[in-house]
Amino acid sequence: MNDSRTAAEVLRRILAELPEFELIWTAYSGEEALRLAADKRPEIILMDLIMPGIDGAETTRRIMQTTPCVILVVTATTVGNRSLVFEAMGYGALDAVNTPVMGTAGDMAGAEPLLQKLRMVARLVGPGRHTDRPSSPAGAQAGLISRITPPSNLAIVAIGSSTGGPQALAQLLGALPGNFPAAVLVAQHVDEQFAPGLAAWLQHHAPMPVSIGVDGERLVAGHVYLAGSNDHMILERSGEGGVLRYTPHPRETAYRPSVDALFSSLAHSHRAPRVGVLLTGMGRDGGEGLLAMRQAGAYTIAQDKATSIVYGMPKAAADLKAAMEILPLGQIGARVRDAILAGKVRTADPLRG
């Protein structure tokens, strides 16, 4: 849905080139989109942010409450409307991308990022979406994971999130103190062009410094590192400290950056506390990695259904019994803080006996 006739025509032409998609309606205001979504619920909505009447973020919120579906923000002003982008993602938009521009010869410059997003979304909503998952460490990642061993003496919290994640991350990070004695690693499903904006936005909510994790960067306690690439952020041991790395593997996963890849890189023996947290999100990414962390002795938490915008990723963790605790979002930050400050990895875990 888009209030610009030109932008709507560009999107219509792009969709016409994709036989796996069918355009069922076009709306030019938020109010119209609400009516059409209620009358003929789509699987995917392409949502602009700036529209007459209610804006795209508020429209996203209302649609996700009444007729939830996959919403992809497509707007020409993502940088200038950064707060609206993350507001919409907090309400349930899956991702965001710039609107392609129609050239003088009728070509559509910049269409490839949108096409990539649509193909990714199609994997999530199409047949087999409930089983689509990245390769496990025992599969294609075996060689990679075998050489990835996180540091033993640095306390680490790893957080994974997707749909609805920005708001959830803001609340969780806001509950952690500025002198938090652990490094915090975050994998949020968001395109790399929006990652710096998300880091800046989260900084307004978090007492700790928040920055994009840099390949080869050594971790320090009291800092939040956000995955900032369409590749996957992982942790590699280097002496007594941890070093961030980015890897394109697994390439076939629809989830980028992959929460499973981050969590799996932490699934090794350790002496300092280690906590894994899986928040709201569509799909199954993170469940297997969280299970691997639990089996390696980490304390693991998943968000509950009632407070999740989309209960996909946390449900996958619950189904796998990967989470030691399933908690409302409002309780997770305090539980993470207490686990680290107490200096304990976990209490007795019946999974391991």
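The values are calculated or read from the model by the stated rules, or taken from the named source; none is laboratory data. In this text, all values refer to a predicted model and were calculated from it rather than measured experimentally. Positions of Cβ are generated from backbone atoms using ideal geometry, with glycine treated the same way; all protein chains shown enter the neighbour counts. Keep in mind that these areas ignore ligands, DNA and RNA; they rest on the heavy atoms of the full protein, side chains included. Shrake-Rupley method; radii C 1.70, N 1.55, O 1.52, S 1.80 Å.
Residues of region 3-33 that are of a type in the set (Val, Ile, Thr), closer than 17 Å to THR99 by Cα and without any contact (Cβ under 8 Å) to a residue 60 or more places away in the chain: THR26 alone. For LEU34, state whether it is within 26 Å of GLU112 (Cα to Cα) and either open to solvent by less than 70 Å² (accessible area, probe 1.4 Å) or within 28 Å of the chain's Cα centre (by Cα) (or both). Taking the combined requirement at face value, the residue does not satisfy it. For region 177-198, the set of residues classified as small (Gly, Ala, Ser), modelled with pLDDT of 95 or more and surrounded by 17 or more Cβ atoms within 10 Å (Cβ to Cβ) consists of ALA182, ALA183, ALA187, listed by residue number. Among the residues of region 92-110, the ones that are at pLDDT below 85 and small (Gly, Ala, Ser) come to 5 in all.
I'd like to know if region 1-22 contains one or more residues that are among the hydroxyl-bearing types (Ser, Thr, Tyr), open to solvent by 40 Å² or more (accessible area, probe 1.4 Å) and part of a helix (DSSP H, G or I). Yes, because at least one residue in region 1-22 is among the hydroxyl-bearing types (Ser, Thr, Tyr), open to solvent by 40 Å² or more (accessible area, probe 1.4 Å) and part of a helix (DSSP H, G or I). Flag: ARG119 matches the condition of being modelled with pLDDT of 75 or more and either part of a helix (DSSP H, G or I) or within 16 Å of the chain's Cα centre (by Cα) (or both). Only residues that are part of a loop (DSSP other than H, G, I, E, B) and surrounded by 17 or more Cβ atoms within 10 Å (Cβ to Cβ) were counted in region 209-228, giving 4. Counting only strands (runs of 3 or more DSSP E) that fall entirely inside region 245-353 and contain at least 3 residues that are surrounded by 18 or more Cβ atoms within 10 Å (Cβ to Cβ), the qualifying elements are 274-278, 299-303.
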